[in-house]
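Everything on this sheet refers to the single structure shown next.
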Amino acid sequence: MAGLTDLYHLSMACGHWRSGRARLPASAELFFRRGPFGGAFALAAGLAQGLRGLRAFRFSAADIAYLRSVLPSTTEEAFFDYLATLDTSEVTVSAVPEGSVVFARVPFLQVKGPLLVVQLLETTLLCLVNYASLVATNATRFRLLAGPDVKLMEMGLRRAQGPDGALSASKYSYIGGFDCTSNVLAGKLYGIPVRGTIAHSFIMSFTTLEEVQPRELVPLAGGDPVDLPTLAESWLQQVCELLQTPLEKTNRGELAAFLSYAVTFPRDFQGLLDTYCVRRSGLPNFCAVALALHQLGYQAIGVRLDSGDLAQQSKEIRQVLRACGAHFQVPWFETIPIAVSNDISEQSLERLIQEGSEVDMIGVGTHLVTCPLQPSLGCVYKLVEVNGSPCLKLTEDEEKMTVPGTKTIYRLFDAAGHPFMDLMALEEEPSPQAGQELVIRVLGQLGETCKVVAATVEPLHRTYLRDGQLCEPLPSLPEVRTHAQVSLSLLNPAHRRLHDPQPYPVAMTERLHQLLTKLQEASQ
């Protein structure tokens with residue numbers, strides 16, 4: 001894991017070592033500068049993986065041998081000996097709990113330790129939390145658009161940026177609110193529910209009912225096997241009469257595919273309806289097979305659409321399912337779940353919701369795992385203190401200016417329980433109290449002070465790693481997922497909305513502002 005870094009960090013490490021600065025106490029912060037996707041918030045993710053990475057931080061003999069080949073030939077041999085001794089036994093990490101809502105410019109991870117090691121950890125930590133937080137946030141946006149009742153399935157394995165990206169997408173979209181994944185390996189590794197039935201290729205591979213083998217299915221309650229194709233054909237005729245659809249327009253290969261799948265998985269039969277024509281073929285064939293299964297005691301689990309006007313088709317399908325359920329006296333038929341896919345994006349999901357639909361499950365792939373609206377969260381990792389002296393990066397762009405000093409971060413809540421401001425204070429300052437009038441400076445408006453009173457004040461960070469050892473158990477994936485949903489539910493709707501959200505204020509104490517001003521003046 002130590003080798004997961006950029007080469008310039010090794011060059012800087014050598015410089016610190018050579019000048020005797022390697023063990024100076026240092027503090028760094030990880031944060032992003034601007035809310036992703038035009039929103040006000042992000043979801044912090046990848047923290048557990050980052051902490052595990054730090055615990056495994058070592059340069060192996062093979063790593064050292066490779067570094068000898070890429071660093072300048074004038075690099076002293078003693079430096080490589082020093083690298084072989086490095087670990088994180090003097091590193092302390094505090095962070096927001098994974099799954100927490102975080103805001104721009106607020107550190108959601110702080111690292112303290114020897115300067116050389118603190119700087120070496122930069123790229124590793126950024127790599128482990130940047131994409132994780134981005135895809136978790138992207139998933140959250142899909143969840144907020146879809147609402148709490150629609151099931152969301154991550155199905156981006158074939159479109160992701162390699163196997164690592166695919167596994168990360170499955171894991172962190174689950175944290176963000178997705179219900180399941182198509183990724184079997186993610187299910188095995190992380191315990192995420194997996195879903196999947198059949199594709200168009202399976203249906204297209206059949207042409208006649210003679211290809212259905214085996215043909216017989218034993219009723220759920222037991223008894224003699226029944227020839228399922230013969231039973232389904234009798235139901236198909238009745239369904240076509242009810243729907244006033246020509247029997248000869250139904251595709252026999254599609255019916256054969258449905259039957260083959262139903263015989264194999266009679267308790268898990270789902271029909272993919274749009275290989276040929278939904279209304280004339282896919283829907284009648286599905287209903288016929290589902291009714292045949294029902295006669296034998298089984299219940300189909302749903303239908304899926306992968307093309308066309310999904311909202312309109314879902315309404316038409318629901319009408320047909322209700323008509324069949326009423327006519328054939330099968331009450332559960334009208335509630336058969338309707339699933340859709342087809343390159344679902346934020347925009348197409350918004351249209352689906354606005355138009356109204358009968359959709360119960362949505363599969364999202366490319367637009368979830370590749371995050372095309374914003375390919376990177378843009379997290380940065382900046383030194384804020386070295387050897388007891390605060391560090392400041394000065395720039396004409398205030399957004400890129402760092403806030404100096406080792407800090408404690410507080411979240412301020414209003415009387416309704418919504419967070420309304422995050423407050424940065426120097427570590428040695430007394431903690432603000434609920435009901436106390438606080439004099440603060442809001443980032444972006446540092447020229448003027450304002451006063452706020454919080455109904456509740458909570459420290460934002462917990463210490464997870466102290467002197468290289470975990471000092472708090474890491475939560476399970478379901479626990480992180482639950483925490484994420486609770487964090488989101490606490491947000492004021494004005495900050496939670498996805499388009500044109502109300503900016504979330506981040507502030508500093510007057511004492512921290514005085515330090516900032518002093519350092520700015522000293523640098524001029």
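Within the stretch 493-507, is there a residue that is open to solvent by 50 Å² or more (accessible area, probe 1.4 Å) and of a type in the set (A, V, I, L, M, F, W, C)? Show your work before the answer.
First, the residues of the stretch 493-507 that are open to solvent by 50 Å² or more (accessible area, probe 1.4 Å): 493, 496-497, 499-500, 502-503.
Next, only the ones that are of a type in the set (A, V, I, L, M, F, W, C) stay: none.
Within the stretch 493-507, none of the residues are open to solvent by 50 Å² or more (accessible area, probe 1.4 Å) and of a type in the set (A, V, I, L, M, F, W, C).
Out of F37, F80, which single residue is of a type outside the set (D, E), touching a helix residue (DSSP H, G or I) at 6+ places or on another chain (Cβ under 7 Å) and without any contact (Cβ under 8 Å) to a residue 60 or more places away in the chain? Explain how you work it out, then say what you get.
Working: F37 fails: without any contact (Cβ under 8 Å) to a residue 60 or more places away in the chain.
Testing whether each residue is of a type outside the set (D, E), touching a helix residue (DSSP H, G or I) at 6+ places or on another chain (Cβ under 7 Å) and without any contact (Cβ under 8 Å) to a residue 60 or more places away in the chain leaves just F80.
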Give me a count of the residues in the stretch 202-258 that are touching a residue at least 40 places away in the same chain (Cβ under 8 Å) and among the basic types (K, R). 2
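Of the residues E521, E479, only one is under 24 Å from the mean Cα position of the chain (by Cα) and open to solvent by 80 Å² or more (accessible area, probe 1.4 Å); which?
E479
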Considering only the stretch 168-180, I want to know if a residue exists there that is closer than 30 Å to L443 by Cα, open to solvent by 30 Å² or more (accessible area, probe 1.4 Å) and assigned to a loop (DSSP other than H, G, I, E, B). no
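Against the definition (out of contact with any strand residue (DSSP E or B) (no Cβ under 9 Å at 6 or more places or on another chain) and either among the aliphatic types (A, V, I, L, M) or open to solvent by 30 Å² or more (accessible area, probe 1.4 Å) (or both)), how does V320 come out, yes or no?
Here the answer is yes, as V320 does meet what is asked.
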So, first residue within 10 Å of E29 (Cα to Cα) and touching a residue at least 40 places away in the same chain (Cβ under 8 Å) in the stretch 94-108, second residue among the acidic types (D, E) and open to solvent by less than 20 Å² (accessible area, probe 1.4 Å), Cβ within less than 7 Å, six or more apart or across chains; the pairs are V106/D422; P107/E29
K249 versus (1) among the charged types (D, E, K, R); (2) within 38 Å of the chain's Cα centre (by Cα); (3) over 18 Å from G325 (Cα atoms): which is the lone unmet condition? (2)
Considering only the stretch 32-40, I want to know if a residue exists there that is open to solvent by less than 40 Å² (accessible area, probe 1.4 Å) and closer than 27 Å to V386 by Cα. yes
Residues within the stretch 187-230 that are open to solvent by less than 40 Å² (accessible area, probe 1.4 Å) and more than 20 Å from D268 (Cβ to Cβ), tallied: 1
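Take the residues of the stretch 16-31 that are in contact with a helix residue (DSSP H, G or I) (Cβ under 9 Å, 6 or more places away or on another chain), open to solvent by less than 50 Å² (accessible area, probe 1.4 Å) and outside any loop (DSSP other than H, G, I, E, B): which is farthest from Q119 (Cα to Cα)?
Pass one, the stretch 16-31, residues in contact with a helix residue (DSSP H, G or I) (Cβ under 9 Å, 6 or more places away or on another chain): 16-18, 21-28, 30.
The next check asks that each one be open to solvent by less than 50 Å² (accessible area, probe 1.4 Å); those that pass are 16, 22, 24, 26-28, 30.
Next, only the ones that are outside any loop (DSSP other than H, G, I, E, B) stay: 16, 26-28, 30.
On the way: H16: 10, A26: 9, S27: 9, A28: 8, L30: 12 Å.
By that ranking, first place goes to L30.
Going through the stretch 277-289 one residue at a time, which ones are of a type outside the set (K, R) and either assigned to a helix (DSSP H, G or I) or in contact (Cβ under 8 Å) with a residue 60 or more places away in the chain (or both)? Spell out the reasoning first.
The initial filter retains those residues of the stretch 277-289 that are of a type outside the set (K, R), namely 277-278, 281-289.
V278, S281, G282, L283, P284, N285, F286, C287, A288, V289 - these are the residues of the stretch 277-289 that are of a type outside the set (K, R) and either assigned to a helix (DSSP H, G or I) or in contact (Cβ under 8 Å) with a residue 60 or more places away in the chain (or both).
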Suppose the filter is surrounded by fewer than 24 Cβ atoms within 10 Å (Cβ to Cβ), on the phi > 0 side of the Ramachandran plot and in contact with a helix residue (DSSP H, G or I) (Cβ under 9 Å, 6 or more places away or on another chain); does G162 pass it? no
Scan the stretch 198-228 for residues that are more than 15 Å from Y298 (Cα to Cα) and in a helix (DSSP H, G or I) and jot them down. H200, S201, F202, I203, M204, L209, E210, E211
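Got a sec? Which of V359, V303 is open to solvent by less than 70 Å² (accessible area, probe 1.4 Å), more than 30 Å from G39 (Cβ to Cβ) and not aromatic (F, W, Y)?
When all the criteria are applied, what remains is V303.
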Give me the residue from the stretch 430-457 that is exposed (fewer than 13 other Cβ atoms within 10 Å of the Cβ) and charged (D, E, K, R) and, out of that set, nearest to P390 (Cα to Cα). E448
Odd one out for D164, checked against (1) assigned to a helix (DSSP H, G or I); (2) of a type in the set (D, E, K, R); (3) under 30 Å from I353 (Cβ atoms): (3)
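Scanning the stretch 402-420 for residues that are under 29 Å from the mean Cα position of the chain (by Cα) and farther than 20 Å from R462 by Cβ, which turns out modelled with the lowest pLDDT?
In this case the residue turns out to be T402.
Only one residue in F108, F79 is under 30 Å from L368 (Cα atoms) and aromatic (F, W, Y), so which one is that? Full working, then the answer.
On the way: F79 fails: under 30 Å from L368 (Cα atoms).
The unique qualifying residue is F108.
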Residues (open to solvent by 30 Å² or more (accessible area, probe 1.4 Å) and either in a loop (DSSP other than H, G, I, E, B) or modelled with pLDDT under 95 (or both)) located in the stretch 250-274: N251, F265, R267, D268
Pairs needed: first member in the stretch 496-513, in a strand (DSSP E or B); second member anywhere, of a type outside the set (A, V, I, L, M); C-beta distance under 7 Å; at least 6 residues apart or different chains. V506/F103; V506/R105; V506/D422; A507/R441; M508/R441; T509/E429
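The values are calculated or read from the model by the stated rules, or taken from the named source; none is laboratory data. No experiment lies behind these values; they were computed from the predicted model shown. When we count neighbours, we look across all protein chains shown, and the Cβ atoms used for this are built from the backbone with ideal geometry, even at glycine. For the accessible areas, the whole protein counts, side chains as well, though only heavy atoms, and no ligand, DNA or RNA atoms are used. Shrake-Rupley method; radii C 1.70, N 1.55, O 1.52, S 1.80 Å.
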